[in-house]
1. State, as an integer percentage, the relative contact order of the range 284-369 based on alpha-carbon contacts under 8 Å between residues 6 or more apart.
2. Would you list Glu351, Glu324 from the most to the least accessible area, probe 1.4 Å?
3. Extension gain Glu369-Glu324, at 0.36 nm per residue separation less the Cα-Cα distance, in nm?
4. If DNA, RNA and ligands are ignored and the probe is 1.4 Å, what is the ranking of Lys325, Lys41, Lys181 by accessible area, most exposed first?
5. Where does each of 286-294, 154-162 land if you order them by average Cβ count within 10 Å, highest first?
6. Using a 1.4 angstrom probe on the protein heavy atoms only, could you order Leu350, Leu148 from most to least accessible area?
7. Over the range 97-197, calculate the relative contact order: mean separation of alpha carbon pairs under 8 Å at least 6 apart, over the residue count, as a percent.
8. Round to the nearest 0.05 the FRET efficiency obtained for Ser71 and Val196 when R0 = 35 Å and r is the Cβ-Cβ distance.
Amino acid sequence: MKRAWLLCVLLAVGPLLGACSYASLERQVYPICLSVDLDEKGRYQVGVQAPQSSTESGAAAYDLLTATGDSFSDAMRVLSASTPYPFNFSQVRLCLLSYDLASTTHLRPLLRTLFEMPSMRPDAYVMVALGNAAEVMAAQKPDLGMRLSTHLNLLFEQLRQESMLPYSSLSACVQELGDGKADPLLCICAVNRSLVPDQDNSGGGASGDPPSGSGQSGGGGSGADAAAFAGGEPWAGDLLPEDILAGLLPQTSVNPVEYLGSAAVSEGRVSGLLTARETQIATLAMIEGRRAVAIDGEQLQLQLFLPASSALAQNRDEVQAVLEKLKALGCDSFGFGWHAAGAFYTDAQLEAYGFRRRFREAQIVTAVE
């Protein structure tokens, strides 16, 4: 009888325990995007863009929450204390860093802190925003009635197919910035001011004051509508026109945020920009080209061999120009450092040779094989 009574109690309490567990999962904030800025006083401003739990219309809407602190950790503590629910970063697709921050701050400590945050999504893309990152994040409006997460998934997949999106996941950036034998290229994004309504345009350019508080919402649609969309077919492989950059596209769209071009990283900081065409050439060359390094005493030669069947074989001069620009910016995004390491028996010998110091003076050779 006692065992039967105990079994009845467990059966009655079981659904309640399960409901508590389910409710605890529901009562969390799931950011889709995260931004990091420096304010005018040099303090860190952290922002998250997360879907609202429910809306009256049934359409997806997004809140923007920001907080400021003397350090990134302080800002995150303030942000966490501003909401009654814990953050869960497993759905983050995009980590946006402002250009001012990325060009003046060593990125690896910041990105490693992000990477080690509980539940952080390791394959979230790291990108550089031209202007205030929180403002760019808040301006995102998913195209064609999709949810923001679906919109970003399909957008990034399309950019990858077009070889316009350098691979810059959070985990890859932390690794490359740590080993020192290659530098990441970070995609850039910006608000196209010609696509912003006049009433929103008066608040200044991309460097205007960041939004604060909550309640900033972006567009979106229902989850049922999102299933109707799939990745499109890539273009014919033609290169983009010259001088195309995020924020400057001659287009019309409901989404004013553009993702084209890249930021070169040197010695842990952003050192300059590549146009969309230069980014496309660099990305294609990194995929299709074979790299080698020739060391003869004080002479260092960086070699890139393109397949004769590659579309880049007809644009060898442009490939050479992109490599020269990356060299001038001190960005070894092609990973020549790894090939140079093969010429030395120990890391101490490689360090004594000073590859990073000699990189800017190296001769670059681009050939078709």
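1. Numbers: 103 pairs, mean separation 36.6, N = 86.
Across the range 284-369, relative contact order equals 43 percent.
2. Numbers: Glu351 145, Glu324 70 Å².
I get Glu351, Glu324, largest accessible area first.
3. Numbers: separation 45, 0.36 × 45 = 16.20 nm, distance 2.02 nm.
The span from Glu369 to Glu324 would gain 14.2 nm if fully extended.
4. Working: Lys325 70, Lys41 150, Lys181 35 Å².
Putting Lys325, Lys41, Lys181 in descending order of accessible area: Lys41, Lys325, Lys181.
5. Details: 286-294: 15.6, 154-162: 17.2.
Ranking, from highest mean packing down: 154-162, 286-294.
6. Details: Leu350 25, Leu148 0 Å².
Putting Leu350, Leu148 in descending order of accessible area: Leu350, Leu148.
7. Numbers: 97 pairs, mean separation 38.2, N = 101.
Relative contact order here is 38 percent.
8. On the way: r = 32 Å, r/R0 = 0.92.
Taking R0 as 35 Å, the efficiency between Ser71 and Val196 is 0.60.
The values are calculated or read from the model by the stated rules, or taken from the named source; none is laboratory data. All values derive from a computational prediction rather than experimental measurement. Note that each Cβ is placed from the backbone with ideal geometry, even for glycine, and that neighbours are counted across all protein chains shown. We work out accessible area using only protein heavy atoms, side chains counted, and drop any ligands, DNA or RNA first. Shrake-Rupley method; radii C 1.70, N 1.55, O 1.52, S 1.80 Å.
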